[in-house]
Amino acid sequence: MSKWINDKEWIGGVTAGYLEHCLTRFVDYKETYPKMLSGEIASIPLGQRSEEHGSYIIEALETGKTYRGNFNIENRGMITNLPDGATIEIPCYVDRNGIAPTYIGDLPMACAATCRASISVQEMAVEAALTGNRELVKLAVLHDPLTAAVCSTEQVWRMVDEMLEALAPWLPQFNGEGRTWPDLPQPAGDLYHFTRGK
């Protein structure tokens, strides 16, 4: 395993590493937050910051002090060999004018191929969610590379049926009544502006 992942990175390079990190942080937070409120343990001192990006983004938007971070945004030609409309994570700059993504161009072919496989799965999942198409949910899960590596088609079909039954109150579009979720409009006043590098 060490040949393929870098265990020196903060999430260890393993599948669901970020999820595990978030779950651990959640448990820690649940235990420490009441103690911070009561004064039993020190919170972040006034004038200092945590490692979270939120305060830096707000500061940049309000004061114009430039902040650089990695953001998840809609691809609008920033990564040229991935489809527009896909969610991508790229370096962006934030200031009083909003969020300005950096132009990336083409990813290496192998990297783009991996991304496109995931994007196709995500597109199927979104289409299924908007239309209530149970078969398309199953196909999306079946085409997920990690799922396909460990589950047979029959296992995927059973797993999706169980999931849709368990989550039926929150997924009305799959209950057979033909109900669907409306498309969500984009926020007014787009806060990121696109510039292309040479």
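Quick notes on this structure:
- Considering only Met159, Leu136, Ala149, and ranking their Cα positions along the charge dipole of region 109-174 that arises from unit charges at the beta-carbon of Lys, Arg, Asp and Glu, the one farthest toward the positive end is Ala149.
- Among Leu19, Leu136, the order by Cβ neighbours within 10 angstrom, fewest to most, reads Leu19, Leu136.
- Cβ-defined net charge surrounding Ala112, 15 Å radius [Lys, Arg +1; Asp, Glu -1]: -2
- Positive contributions from Lys and Arg (+1) and negative ones from Asp and Glu (-1), summed over other residues with Cβ under 9 Å from the Cβ of Leu61, come out at -2.
- Applying 1/(1 + (r/R0)^6) with r as the Cβ-Cβ distance of Met109 and Glu135 and R0 = 30 angstrom yields a FRET efficiency of 0.45.
- Exposure proxy order (Cβ contacts within 10 Å, fewest to most) of Ile44, Ile57: Ile44, Ile57
Every read-out reported here was derived from the displayed coordinates using simple, explicitly stated rules and does not represent laboratory data. Since the model is a prediction, treat every value here as computed from it, not as a measurement. Glycine also receives a Cβ, built like all others from the backbone with ideal geometry; neighbour counts cover every protein chain displayed.
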